[in-house]
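The values are calculated or read from the model by the stated rules, or taken from the named source; none is laboratory data. In this text, all values refer to a predicted model and were calculated from it rather than measured experimentally. FYI the Cβ positions are ideal-geometry reconstructions off the backbone, even for glycines, and counts take in every protein chain you see. Just so you know, the surface numbers come from the protein's heavy atoms only, side chains and all, with ligands and any DNA or RNA stripped out. Shrake-Rupley method; radii C 1.70, N 1.55, O 1.52, S 1.80 Å.
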Amino acid sequence: MSMSDNTPDLTGIRTSQSQIRNADYRLLDRTKLSPMYQHYVEVKEQYPHALLLYRCGDFFETFFQDAITIARELELVLTSKEGGKEVGRVPMTGVPHHAVDRYCAMLVEKGYAIALCDQMETAAESAALGSNLVRREVVRVLTPGTIQEEEMLQSRRNNFLAAIVLVGENWGLAYTDISTGEFLTTQSTDLEVLTQELLRLQPPEILIPIAAPDLNRLLRPGETSDLLPTNLPNCFCYAMRPLAPFTLPEAKQRLMDTFKMRSLESLGCTPFPLAVRAAGGLLEYLEATQKGNPVTLQPLRTYSLGDYLVLDHQSRR
């Protein structure tokens, strides 16, 4: 529950967003928002796929649409705060900073991505520099497939982040568990085989490149989109990513830079361009989300499904 002194004037977390005043910042005149809220909106638009938790003193607060979502999902009280003299009050909820990991774990488990925007200086330091606004930056982005915190992980299973590239019936797959450093890739044909491999791995998050403006959207399990190939199982989270990092030249270069190699021959993935593309796109996602927490991965291992007896998901169960 947010411990703000603001009087709760938005009652009932089940109230629909359309019934809550100033719920959508995109419908407001931003120039009339206070400087802090203008910055909040600027940061939010850099991370449209994530719920933005914004440090304000001893709390991580969130506003507008995200406040409504977090209040609903975590069963917190939805309150409000003045957003500007000509704007009025805007939805707000928050959690104590010392408990933010626990709340983030609950949200990630529900399939949400979280962007943590922390204070990089105190109010006194900001005032000494002649600024009325404390400098804040996103220091962590948590997604279902990129968590490293031990308390957020399940001890009996891997937490795989996967990436797939589809070309007709052909597909490339890469996946990693950043808590252990495992990093594997493969390529094959027949989308049913891909489905069985995904069901075997049970990745909490799957990256898929798309050529559309709806980038960075995170589809939670059960959600659908016209941009998602219909033959993929909808029981997973899908993160829609730009095409560029999944192109072969960029993916190859990123892999060579990551493992400090002049070629990919020793990794065994050269004959599998779709696998290379998936692996390179996955590495770019880790760079984008991990910020100041660089991930150390084991050298990429390429495997062929033809070397193994493949059991379908029902047989495994």
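Taking the listed residues Arg277, Arg262, the one that is part of a helix (DSSP H, G or I) and at pLDDT 90 or above is Arg277, with no other qualifying. Is it fair to say Glu205 is within 21 Å of Thr143 (Cα to Cα) and free of Cβ contacts under 8 Å to residues at least 12 places away in the same chain? No, not satisfied.
So, Leu309, is that one in the same structural domain as Ile178 (by the TED database), part of a loop (DSSP other than H, G, I, E, B), open to solvent by 70 Å² or more (accessible area, probe 1.4 Å) and at pLDDT below 90 or not? Criteria met by Leu309. The residues of the range 161-219 that are open to solvent by 10 Å² or more (accessible area, probe 1.4 Å), among the aliphatic types (A, V, I, L, M) and farther than 19 Å from Gly280 by Cα, listed by number, are Leu191, Val193, Leu199, Leu201, Ala212, Leu218. Within the range 113-122, if we keep just the residues that are in contact (Cβ under 8 Å) with a residue 24 or more places away in the chain and out of contact with any His (no Cβ under 6 Å at 6 or more places or on another chain), the residue that is nearest to Leu76 (Cα to Cα) turns out to be Ile114. Note on the range 116-142: among residues that are open to solvent by less than 20 Å² (accessible area, probe 1.4 Å) and touching a helix residue (DSSP H, G or I) at 6+ places or on another chain (Cβ under 6 Å), the one that is nearest to Lys291 (Cα to Cα) is Val141.
Residues are listed down the side, and each one gets a yes or a no for (1) free of Cβ contacts under 8 Å to residues at least 40 places away in the same chain; (2) not in a strand (DSSP E or B):
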| site | (1), (2) |
| --- | --- |
| Lys81 | no, no |
| Glu86 | no, yes |
| Val95 | no, no |
| Ala99 | yes, yes |
| Met106 | yes, yes |
| Gly111 | no, yes |
| Ala124 | yes, yes |
| Asn158 | no, yes |
| Gly172 | no, no |
